[in-house]
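Let me begin by presenting the structure, written as structure tokens, before commenting on it.
FYI, it's all coordinate maths here, none of it is from the lab. Just so it is clear, the model here is predicted, and its values are computed rather than measured. Cβ sites come from the backbone with ideal geometry, for glycine too, and all protein chains shown count toward neighbours.
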Amino acid sequence: MISNRSTRAGWWTRGMVAGAAVFLGLGAAQAQTPVRFSLDWRWEGPAAPFAVALDKGYFKAEGLDVTIDPAAGSREPISRVASGSYDAGFGDVNSLVRFRDENPGTDIKAVMVMYDRPPFAIIGRKSRGITKDVSSLQGKKFGAPVADGAYAQWPIFRSVNKIDDSSMKFENVGFPVREPMLAQGEVDAVFGFSMSSYINLKSRGVPEEDIVVLLMSDHGVDLYGNTIIVSEKFAKEKPEAVKGLLRAIMKGVRDTVKDPASAVDSVIKRNDVAKKDVELERLKMVLDQNMLTPWIKANGFGGIDKDRFARALDQIGLTFTYKTKPKVEDVFAEEFLPASDQRKVN
């Protein structure tokens, strides 16, 4: 027969065990490392890998409590991370190179390439005389927002293609009126991101067969595009968190490549005005033109060709004068990347 004293002792022991379990459970939950992450733009198709990683719990599985916020362009994540208000972001590496040079001592680095080829493009209309031949640009009028990332690369495009632009007219236009002006024939072509301007033109009734997209990467521009960037503080203090972040994003990329239609659903639920067919088309353009390049298929996702990156740094020097020209390793840190077998994509 079991005494009351023994029973009470058993309750006490079980209570201690249960309490310890609850305490440990709470401790595990609190051990999640908070990470503030900035997108480059709104929740649209190209942001699918990040949305998928959130929805499938890939960040949490790495011990990370990730908050992802939209932004107003691919340069904003850089200033956000530099200010310390964000730990990491998704931004244009070319803007990062320039920002670092203009702000000595700001040691933000790129740690994973998302766009092996940038979406910088000149988008024109056949009916306005624009073709895939760069010579068709002579004598034309362009909508060229001063703050546009694609227009910023014009000195490179002009140089590598030996273009005399004295007969061209460049009109500084606002982003909201860029595609409308091209649709209405007020300009012959515009500078912009291929996946945005192309789809915006179609939505304004411009026939698909009348739209010409000249990707700068097809015409001698060796630049990379958007990368994952991290702050020096985050990388030094929490290197394992950076590695976990990239592993989770990589899983999101692989899932997105495998099933783009399902991946877009994760985006749509975060953007009330987005349409699935539009964002799916936008995502497929990015996968085809910017992410799943021949180099990526052969070498794996996220890394760089160091010789090409060095050439890209040379080309960036055509857009402004360096105070101190960086080395490849000053800008890109490869030690946080997932293992090579985890970065293969089909």
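For this structure, a couple of remarks:
- Relative contact order (%) - criterion: Cα under 8 Å, at least six apart; region: the chain: 26
- Amide H contacts of residue 42: 71, each under 5 Å away and 5 or more positions distant or on a separate chain (H built 1.01 Å from N in the peptide plane; Pro and chain starts excluded).
- Dipole magnitude (debye, nearest 20) for segment 120-218, charges at Cβ of Lys, Arg, Asp, Glu: 80
- Extreme residue, positive dipole direction of segment 130-226, given options 215, 154, 194 (C-beta unit charges): 154
- C-alpha long axis of helix 239-258 to longest principal axis of the chain, angle in °: 60
- Relative to one another, the C-alpha centroids of segment 82-114 and segment 189-224 are positioned 26 Å apart.
- Alpha carbon centroid spacing (whole Å) that separates segment 171-186 from segment 232-306: 30
- Charge dipole of the chain (Cα centre as origin; +1 on each Lys and Arg Cβ, -1 on each Asp and Glu Cβ, all else neutral): 860 debye, rounded to the nearest 20.
- Rotationally averaged projected area of segment 249-317 (alpha carbon convex hull; nm²): 6.1
- Against the chain, whose longest principal axis is taken from its Cα atoms, helix 276-286 shows a tilt of about 70°.
- Here 175, 99, 193 are placed in order of increasing Cβ neighbour count within 10 Å, fewest first, which gives 175, 99, 193.
- In the chain, the longest principal axis of the Cα atoms and the axis of helix 306-316 are about 50 degrees apart.
- Enclosed volume per residue, in Å³, of the convex hull spanned by Cα atoms of segment 120-218: 86
- Computed across the chain, the Kirkwood radius stands at 21.8 Å (inverse of mean 1/r, all Cα pairs).
- DSSP bridge analysis restricted to segment 120-218 gives an antiparallel fraction near 65%, rounded to the nearest 5.
- Cross-linked pairs 56/344; 258/284; 306/344; 243/325: Cα-Cα separations exceed 23 Å for 243/325.
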